[in-house]
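The next block holds one structure in the form of structure tokens; read it before the comments.
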Amino acid sequence: MNGDRLETCRIDDSKPTDTELARALRFLDDERTAADIERSARRMGLLIGCLGSLIGIATTGGIGGIPIAAAIGWAAYEGRRRSPRWLAALRRTRALGAAPGIVGRIVLRMRLEPSTERAVEFAAATGSGPLAESLTAAAARSRSNPGSGLRTFAEEWTPWFPALERAGTRIRAAASAPRERRERGLDRALEAVTAGTTDRMAAFIGDVQAPVSGIYAFGVLLPLALIALLPAARATGLPVGAWTMGVVYVLVLPSVLLAASGWLLLRRPVAFPPPRIGPNHPDVPAGYGRPIGAGVLAGIGGWIIGGAVVPWSAPIVAIGLGSGVGIGLFALPRRRVLSRIRSIETALPDALSSIGGAVADGVAVERAVRHVGETMDGPAGAAFAAAGRRSRTLRVDVESALVGEEGPFADVPSPRVQGAVALLSIAAREGQPTGDVVIEHADQLEELRSLERDATRQLQTVTRTLSNTATVFGPLVGGATVALAAGMDGGAIAGSGGLDPAMGSMLSGTSATGAGAGASAAAATAGSGTATSTGAAPIVEPIPVPVLGRIVGTYVLLLSAILTGLSTTISSGLDTTLIAYRIGIAVPTATGTYIAAFVGAGLVL
């Protein structure tokens, strides 16, 4: 089964066959067949195409929009039928991030006992995800054949991570070598997989810079800058109406950005898998009532505030604040759990080093765990202290004290923590000889943490521009260009409330009198859609400021969510908790920046 799963990831971008689609579904543990996906894709494409055609005919009164609707329907069909392959590729990317950890656990077990069979079983039992599942299946198949399954496991993943085969070869050679040579061979195996991860991430960082710059230029700067050219386009008779703007900025551009983001993420070779925090976690509130209620209240408040500052912006502010607050509150408990897990992972090398040193000196693991709990601060210290109390009070073994029912590490879904607990359980059984191995495991965890931290920092140098654009630069340019377009379009008509006449018109989105004969004549001419002089191109009716502001505002909100999700996924992997948390911050920030930029630019202009 795992072989079929892995075959999925070899598929290129050509049109998928039924066999390829079936393999992708098996890789994802999806019980549907390729025929089921094909039927649902056809229904989706047909439905979207028909609805788009009907909407186009109803709004334009003609059939000119049917080709566009057909193209959208075809895109929906292709996206639906290809989505299993894309999801399988993303899952493979997450799986390969666990490769250094799995090889590290194999090496550790080999230092205790030069048996590849037991080392493979230990690494598979203490891991999670597709890579651990593949190793488990390989070990199970090897029970009826000579060998440990390490060779077949490495061969299955070699097309996407060649370092695994090199590491596996060195581990198998070390198993039959004398002790001194075995230690060097195991060190070289760990170096192979670490260097492979570093090299692939470095290559990805170099390759990703140009696409990210393209997304920034053609997905952000150019579309927002073109808004300021609307008056010139209208003066030349170019039929750029509200419906055209809405389709382009609310549907087409966000769809293109999503497609480009997906294409970019599929090219990432390795992503360190984040802890999975499910709804059943004890620190995650059940239900969605609280975030939904808070989002509704924030939306109502945003409608009131937006209507008071810029009347036409009320729905934009309501959606921005409401969705941001709702998503943020949904992700906040999970974010707290994630922060606790990261804090424990950060302190884990120091804790294991202390425990390993004590065990090497002849101290029992139970006593060493209690000592760490007494001397270490933070969540890790509290967890080890609780484990020490459980061990002494309940008279249970180390594993039960750490991850047993209601144990302090039972609700920590981290492969690194679970692997450390398994190693401490072995140390409690085998005693003093395992002390140095525990210390070495602490060094391995520190190296893995350093590797992940360096990769994230290098990726953030590329994605920082996207993050800033999503929350600040994009909304700032969007608000300013809407104000500029409104001012150039004859928006300088008498206002009220003590504001500049132009600003009063743009804020309210209404036309008043008293701005002067030139402005009135221009407005009248634009409103009638007639030419201003003989032989001149007809002037198309301008898009009202409220409509233009809402269209661009919607684009700004979508832009903030898409770019924030993209930058977070590139730098930190597909961490849904972190993505939702950052989107919950980015969208309200972009909303406020957009309205402030419009008001500020209107006052200056």
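Within region 404-422, being of a type outside the set (A, V, I, L, M), under 17 Å from ARG449 (Cα atoms) and more than 24 Å from the chain's Cα centre (by Cα) holds for GLN418, GLY419. Can you say whether THR197 is part of a helix (DSSP H, G or I) and under 19 Å from PHE122 (Cβ atoms), as far as the supplied structure shows? No. For ASP411, the criteria (1) assigned to a loop (DSSP other than H, G, I, E, B); (2) in contact (Cβ under 8 Å) with a residue 24 or more places away in the chain; (3) in contact with a helix residue (DSSP H, G or I) (Cβ under 7 Å, 6 or more places away or on another chain) hold in every case but one, which is (3). A residue that is more than 30 Å from LEU258 (Cβ to Cβ), in contact with a Pro (Cβ under 7 Å, 6 or more places away or on another chain) and outside the structural domain of LEU476 (by TED's automatic domain parsing) occurs somewhere in region 164-180. Within region 361-375, the residues that satisfy the criterion of being aliphatic (A, V, I, L, M) and either surrounded by fewer than 18 Cβ atoms within 10 Å (Cβ to Cβ) or at pLDDT below 90 (or both) are VAL363, ALA364. Which members of region 301-318 meet the condition of being surrounded by fewer than 21 Cβ atoms within 10 Å (Cβ to Cβ) and either among the aliphatic types (A, V, I, L, M) or in contact (Cβ under 8 Å) with a residue 40 or more places away in the chain (or both)? ILE304, ILE305, ALA308, VAL309, PRO311, ALA314, PRO315 - these are the residues of region 301-318 that are surrounded by fewer than 21 Cβ atoms within 10 Å (Cβ to Cβ) and either among the aliphatic types (A, V, I, L, M) or in contact (Cβ under 8 Å) with a residue 40 or more places away in the chain (or both). Which of the residues belonging to region 292-342 are aromatic (Phe, Trp, Tyr) and over 12 Å from ILE595 (Cβ atoms)? Of everything in region 292-342, those that are aromatic (Phe, Trp, Tyr) and over 12 Å from ILE595 (Cβ atoms) turn out to be TRP303, PHE330. Of the numbered criteria (1) basic (Lys, Arg); (2) part of a helix (DSSP H, G or I); (3) modelled with pLDDT of 75 or more, the one ARG32 fails is (2).
Within region 468-488, restricting attention to residues that are aliphatic (A, V, I, L, M) and more than 15 Å from ALA228 (Cβ to Cβ), the residue that is modelled with the highest pLDDT is VAL472.
Screening region 539-579 for residues that are polar (S, T, N, Q) and closer than 21 Å to THR593 by Cα and picking the one that is surrounded by the most Cβ atoms within 10 Å (Cβ to Cβ) gives SER560.
Yes or no, residue by residue, for (1) buried (at least 17 other Cβ atoms within 10 Å of the Cβ); (2) among the hydroxyl-bearing types (Ser, Thr, Tyr); (3) within 27 Å of GLY565 (Cβ to Cβ):
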| site | (1), (2), (3) |
| --- | --- |
| GLY185 | yes, no, no |
| VAL208 | yes, no, yes |
| TYR249 | yes, yes, yes |
| SER261 | yes, yes, yes |
| ALA271 | yes, no, yes |
| PRO275 | yes, no, yes |
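Here ILE63 meets each of (1) part of a loop (DSSP other than H, G, I, E, B); (2) more than 30 Å from VAL247 (Cα to Cα) with one exception, condition (2).
The values are calculated or read from the model by the stated rules, or taken from the named source; none is laboratory data. Quick caveat, the model's predicted, so the values are computed rather than measured. Cβ coordinates were reconstructed from backbone atoms using ideal geometry, including for glycine residues, and neighbour counts include every protein chain displayed.
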